[in-house]
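A.B. asks: Once you've had a glance at the structure underneath, I'll fire off some questions.
The values are calculated or read from the model by the stated rules, or taken from the named source; none is laboratory data. Since this is a predicted model, take the numbers as computed values, not measurements. In this analysis, Cβ positions are derived from the backbone assuming ideal geometry, glycine residues included, and neighbour counts consider all displayed protein chains. Heavy atoms of the whole protein, side chains included, go into the accessibility calculation; ligands, DNA and RNA do not. Shrake-Rupley method; radii C 1.70, N 1.55, O 1.52, S 1.80 Å.
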Amino acid sequence: MCDYIGNAYLSVFGKHFAYRAGLNERMQMQKMVYLLERMGMNVGDYNFVWYKHGPYSQGLQDDASKIKASTMRDVKFTEHAQIIMNKMKTIAEMYTQTTYDMPSWLEAVASLDFLLTRKMYDEQKALNKLKELKLYLNDNQANILALSVCQKMCA
């Protein structure tokens, strides 16, 4: 599974995943896998729960810690998976339309999706809860854009 998620990361972000690079890399991996799963890509058997930075999977964290670009084998993705990863790449690049950096943008999108689908909040309650739980995600325009991404993501 490590090669699979490592290659997905490479496909979406255009660079190899580096676990030791820091929290931002690990957060991007967490949010990418969560969102890929939500869009219908079979990425692995990861159980996401709510944590400090939104959806989080300890199993994914464990697998991500084993990724080494130097030993990673090439993985062939299905056409369906390629389409979803291209969609994910587009979503990730939307951070440039906001005041957020990419990890914060992906955190906003994934967190709002989690609040809408797992906590069953309506849109306004999800936006309010996001700002309440994450004081640094306080750009209303960006959060509304993130909400629109959530609404279109699985369509």
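A.B. asks: Once the whole set of protein chains is in place, how much accessible area is left on residue 115, using a 1.4 Å probe, in Å² to the nearest 10?
C.D. replies: Its heavy atoms expose roughly 0 Å² to the probe.
A.B. asks: Identify all lysines with a Cα-Cα distance to residue 125 below 30 Å; exclude those on the same chain that are fewer than 8 residues away in sequence.
C.D. replies: 31, 52, 87, 89, 134, 152
A.B. asks: Here are a few candidate values for mean projected area of the Cα convex hull in nm²: (1) 8.4; (2) 10.9; (3) 13.7. Which one was actually calculated from the structure I just gave you?
C.D. replies: Calculated mean projected area of the Cα convex hull in nm²: the matching label is (1).
A.B. asks: Can you give the alpha-carbon Rg of segment 63-155 over 2.2 N^0.38 Å, where N counts its residues?
C.D. replies: 1.25
A.B. asks: Would you please name the trypsin sites (Lys or Arg not before Pro) within segment 93-155 that are DSSP coil residues with at most 13 other C-beta atoms within 10 Å of their C-beta?
C.D. replies: In loop regions of segment 93-155 (DSSP not H, G, I, E or B), the sparsely surrounded trypsin sites (Lys or Arg not before Pro) are 118, 119.
A.B. asks: Another question, then. Using +1 at the Cβ of each Lys and Arg and -1 at the Cβ of each Asp and Glu in the chain, identify which of 108, 11, 22 lies farthest towards the dipole's positive end.
C.D. replies: 22
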